[in-house]
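The values are calculated or read from the model by the stated rules, or taken from the named source; none is laboratory data. Computed from a prediction, not measured in an experiment: that's the story for all the values here. Ideal geometry is used to build each Cβ from the backbone, glycine not excepted, and the neighbour counts take in all protein chains shown.
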Amino acid sequence: MPGMRQIELADIPALFETLRRPYHAQYYAMYSSVFGGLVTDPVLMLVPVDDHMVHRGDGVFETVKCIGGRLYNLDAHLRRLAHSASLVSQRLPQTGAELAQTVVETVRAGGRREALARIIVSRGPGSLGVNPYDCPAEQLYVVAYRLDAPFMERHPEGARVRTSRIPAKPGQFAGIKNCNYLPNVLMKKEAVDAGVDFVVGFSDRGFLTEGATENAGIVTRAGELLFPKLDDILAGTTMLRVMELAERLTAAGELTRVAFADIRREDVLRAAEMLIVGTTPNVTAVREFDGVPIGGGRPGPVWRRLSALLDEDMRANPERLTPVFGD
């Protein structure tokens, strides 16, 4: 049309340079099955726009922590990844052993001994529609990226938590670690906007569910460590491991029992302690819930013991550690 500027073909190398951003410093390496290899330049860490994970959230994922050059609890994460994939009728592009090796090599390529590894299995590219059968094959993406210090190292006074207004996910979807994370995104936004550290949900029956990316539980005044029943939450790998470690406190008489239970809001308010647990926050003490101090309004003894047990497990339990750098 007269007067319209002609759009020029992009100079790809020059274009890539214009795409660099300061936040790219947190991305260390990426494996992509689309191009069948590893890259360490964040500008090349790309996903096809027609991958159904991008425009439909059709994918599953896991996040694994690397501490001191060793991946923690990798097998548990890969088992849950396979379980999530089976529930949405996806096939893993690699065997379990191959996946583990891909994660190791990606983190190694990133060159950091402290890192997170995001493992994503997508439905794959094929169309901009909703039909999963448009996609010829599932794809695998693994990204090694920055690991921040655990919450309690940055905030030793403990966390402030409030009740979320976002409806809890139905149990069928809460138990799948899938890439459709809009409710989780809105929960995190809610926490930031409210000036608190975390929010947690409650089911339509009034029972505690989970946070945006974390599990939550309580220590009752009777000495019980309780987490919500798995019907309406994701079976967090850190939560399950913490519950196993907590049995040592039961044997020592520091807890009376460790169990899954229906936890109401009033149970939280009168708890001796409230805990937030997850891959990145580790075990976090809650000092305030909905504006009300929990326990003494400061980190409690069960948090202290469980935090120490988990830290030891992450750093010195050979059964749970996968070496990345050969040491």
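Just a few scattered comments:
- Any hit, the stretch 293-300, residues being among the aliphatic types (A, V, I, L, M) and not in a loop (DSSP other than H, G, I, E, B): no
- Test result for E98, under 17 Å from the mean Cα position of the chain (by Cα) and at pLDDT 95 or above: no
- Options A251, A308: the member that is aliphatic (A, V, I, L, M), within 15 Å of E153 (Cα to Cα) and either surrounded by fewer than 18 Cβ atoms within 10 Å (Cβ to Cβ) or outside the structural domain of A216 (by TED's automatic domain parsing) (or both): A308
- Scanning the stretch 34-85 for residues that are polar (S, T, N, Q) and more than 17 Å from the chain's Cα centre (by Cα) returns a single hit, T40.
- When each of V268, V286, V277 is tested for being in a strand (DSSP E or B), in contact (Cβ under 8 Å) with a residue 24 or more places away in the chain and within 13 Å of T163 (Cβ to Cβ), the lone residue that passes is V286.
To keep it simple, each residue is scored yes or no on (1) buried (at least 21 other Cβ atoms within 10 Å of the Cβ); (2) over 30 Å from D51 (Cα atoms); (3) of a type in the set (V, I, T).
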site: R160; (1), (2), (3): no, yes, no
site: S164; (1), (2), (3): yes, yes, no
site: Y181; (1), (2), (3): no, no, no
site: F207; (1), (2), (3): no, yes, no
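- Looking across the stretch 12-27, the residues that are in a helix (DSSP H, G or I) and of a type in the set (F, W, Y) come down to F16, Y23.
- Among residues of the stretch 79-108, those that are surrounded by fewer than 17 Cβ atoms within 10 Å (Cβ to Cβ) and either on the phi > 0 side of the Ramachandran plot or touching a helix residue (DSSP H, G or I) at 6+ places or on another chain (Cβ under 6 Å) (or both), counted: 2
- Check on G291, modelled with pLDDT of 95 or more and exposed (fewer than 13 other Cβ atoms within 10 Å of the Cβ): yes
- Being at pLDDT 95 or above, exposed (fewer than 13 other Cβ atoms within 10 Å of the Cβ) and part of a helix (DSSP H, G or I) is a property that does not hold for A246.
- M30 being in contact with a strand residue (DSSP E or B) (Cβ under 9 Å, 6 or more places away or on another chain), more than 30 Å from L309 (Cα to Cα), touching a residue at least 60 places away in the same chain (Cβ under 8 Å) and part of a helix (DSSP H, G or I): no
- The stretch 285-308: number of residues that are touching a helix residue (DSSP H, G or I) at 6+ places or on another chain (Cβ under 9 Å) and over 15 Å from E273 (Cβ atoms): 1
- The one condition in (1) buried (at least 16 other Cβ atoms within 10 Å of the Cβ); (2) at pLDDT 95 or above; (3) at positive phi that G297 fails to fulfil: (1)
- Residue that is nearest to G110 (Cα to Cα), among those in the stretch 129-155 that are of a type in the set (F, W, Y) and either within 14 Å of the chain's Cα centre (by Cα) or surrounded by 13 or more Cβ atoms within 10 Å (Cβ to Cβ) (or both): Y145
- Test: residue in the stretch 250-257 that is at pLDDT below 95 and in contact with a strand residue (DSSP E or B) (Cβ under 6 Å, 6 or more places away or on another chain): no
- Once the stretch 242-275 is narrowed to residues that are basic (K, R) and touching a Phe, Trp or Tyr at 6+ places or on another chain (Cβ under 9 Å), the residue that is nearest to G175 (Cα to Cα) is R264.
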